[in-house]
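The values are calculated or read from the model by the stated rules, or taken from the named source; none is laboratory data. Because the structure is a prediction, the values reported are computed rather than measured. With ideal geometry, Cβ positions are generated from the backbone for all residues, glycine too; neighbour counts draw on all protein chains shown.
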Amino acid sequence: MNCSVEKLIKMKKLNEKIIFLFKNLIDGTGDAEEDIYNSLNDLLHEHGIFEENFMNLKRSEINNEYLTFIQIQMHINKKIIEQCKHEFVEDDIDISPDKSMKIVYCKICENNLDDCKK
Ligand SMILES: [Zn+2]
């Protein structure tokens, strides 16, 4: 499979939302469960690669699905790091009111420099 970096980044962003919603289901946080399921199904249709309907997902299957998507995410990100023509920029992030830290990250794929070197 040969995907363009832009397509991979789009998949990564979509997956991030799916993972966030699964986390909400597991932790019992965020919107009402039915709303979360609806959002999940919408995202899966946007993905266009999953036929299954998450409305019928059993409670015991949620954890597995969550872990599967985390694995997919790691795989996608690995591909992005390999294929992106990184453009690194420097930025300061606040870690406390009077302390900040310099970070270097790619403005295309948003991975930080250390992760891209691995
Ligand atoms: Zn990059």
Among the residues of the stretch 54-97, write down those that are of a type in the set (Ser, Thr, Tyr) and farther than 24 Å from ASN112 by Cβ. SER60, TYR66, THR68
Any chance the stretch 1-20 includes a residue that's within 18 Å of the chain's Cα centre (by Cα), at pLDDT below 95 and assigned to a loop (DSSP other than H, G, I, E, B)? yes
Please determine whether any residue of the stretch 36-53 is in contact with a strand residue (DSSP E or B) (Cβ under 9 Å, 6 or more places away or on another chain) and more than 16 Å from the ligand (Cβ to nearest atom). no
Take the stretch 36-53 and flag every residue that is at pLDDT below 85 and under 17 Å from LYS10 (Cα atoms). LEU44, HIS45, GLU46, HIS47, GLY48, ILE49, PHE50
Where residues in the stretch 54-74 are among the polar types (S, T, N, Q) and either at pLDDT below 80 or more than 15 Å from the chain's Cα centre (by Cα) (or both), which of them is farthest from LYS10 (Cα to Cα)? SER60
Scan the stretch 73-111 for residues that are in a strand (DSSP E or B) and within 10 Å of the ligand (Cβ to nearest atom) and jot them down. PHE88, TYR105, CYS106
